[in-house]
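The structure under discussion is supplied below as structure tokens; questions concerning it will follow.
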Amino acid sequence: MYRNFRITAPVLVAGLAVITGCTAAPAPSPEETGTPSSTSVGTPENTSTASPTDLSASTAPAGSGATITLSRGQEHKITEANTSVSITCSGGGDIDVETSGSSVQTTGQCEDIDIQGNGNTVSGEDAESLEIEGSNNEATLSNVPDIDVDGTANTVGVEETRDIDVEGENNTVTYTSGDPVIETEGTNSVAAR
């Protein structure tokens, strides 16, 4: 006499593993399948130079006096208030000042310099563009083809420029040479010096 009974798949696999002495391999982890895991980006706290292979953002080491070197495609963010940073742009590099009361000295040809905050000072050589959003910031640079200022009581002085766009109140932009296209909205001063 035969009895009917059903063998389910898990029992069958477990039974085969016992008979053959094999076990099923665990599912691969996301790293083994090529799925990217989340990682933080940036320069380690104790490093002051951005890596040429790291095209993401770097953050200034804690404390004033940091010296940074950037190449084209790299970006450096300054997020600690009241710091002093020297940045050498070696054929490019973006500088983002996202704090207040900081001082940045640049050398070389930078790409974009963005200042978002209050009471920051940026001085140095060349940049492809300068953008300021905030109040009481000061920028003194050599050659900056594109200048965009939005805020209150910001002061910009450049040697040469091609395009100046100023919005807000009591902002001052002066330039030495060039015949820039000038757009202003609000009570601002744009003039050759």
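The values are calculated or read from the model by the stated rules, or taken from the named source; none is laboratory data. Note that the coordinates shown come from a computational prediction; the quantities given were computed from them, not determined experimentally. A quick note on method: Cβ atoms are made from the backbone with ideal geometry, for glycine too, and the neighbour counts reach across all protein chains shown. To get the accessible areas, we keep the full protein, side chains included, count just its heavy atoms, and leave off ligands, DNA and RNA. Shrake-Rupley method; radii C 1.70, N 1.55, O 1.52, S 1.80 Å.
Hey, does the stretch 113-124 have a residue that's buried (at least 20 other Cβ atoms within 10 Å of the Cβ) and more than 21 Å from GLU80 (Cβ to Cβ)?
no
Here is a further query. How many of the residues making up the stretch 107-139 are charged (D, E, K, R) and assigned to a loop (DSSP other than H, G, I, E, B)?
Residues meeting the conditions: 1.
Table: residues versus (1) polar (S, T, N, Q); (2) crowded, with 16+ Cβ neighbours inside 10 Å.
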site: GLU133; (1), (2): no, yes
site: GLU138; (1), (2): no, yes
site: SER177; (1), (2): yes, no
site: THR184; (1), (2): yes, yes
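Would you say CYS89 is in contact (Cβ under 8 Å) with a residue 40 or more places away in the chain and part of a strand (DSSP E or B)?
Answer is no for this residue.
Residue-wise test of (1) β-branched (Val, Ile, Thr); (2) closer than 19 Å to THR67 by Cα; (3) over 17 Å from the mean Cα position of the chain (by Cα).
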site: SER86; (1), (2), (3): no, yes, no
site: GLY92; (1), (2), (3): no, yes, no
site: GLY108; (1), (2), (3): no, yes, yes
site: GLY117; (1), (2), (3): no, no, no
site: THR121; (1), (2), (3): yes, yes, yes
site: LEU130; (1), (2), (3): no, no, no
site: ASN136; (1), (2), (3): no, no, yes
site: SER142; (1), (2), (3): no, no, yes
site: VAL149; (1), (2), (3): yes, no, yes
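What's the total number of residues in the stretch 140-175 that are outside any strand (DSSP E or B) and either on the phi < 0 side of the Ramachandran plot or crowded, with 18+ Cβ neighbours inside 10 Å (or both)?
Adding up the residues that qualify gives 5.
Okay, next question. Suppose we keep only residues that are open to solvent by less than 10 Å² (accessible area, probe 1.4 Å) and assigned to a loop (DSSP other than H, G, I, E, B) within the stretch 92-106. Which one would you say is nearest to ASN154 (Cα to Cα)?
Of everything passing the filter in the stretch 92-106, SER102 is nearest to ASN154 (Cα to Cα).
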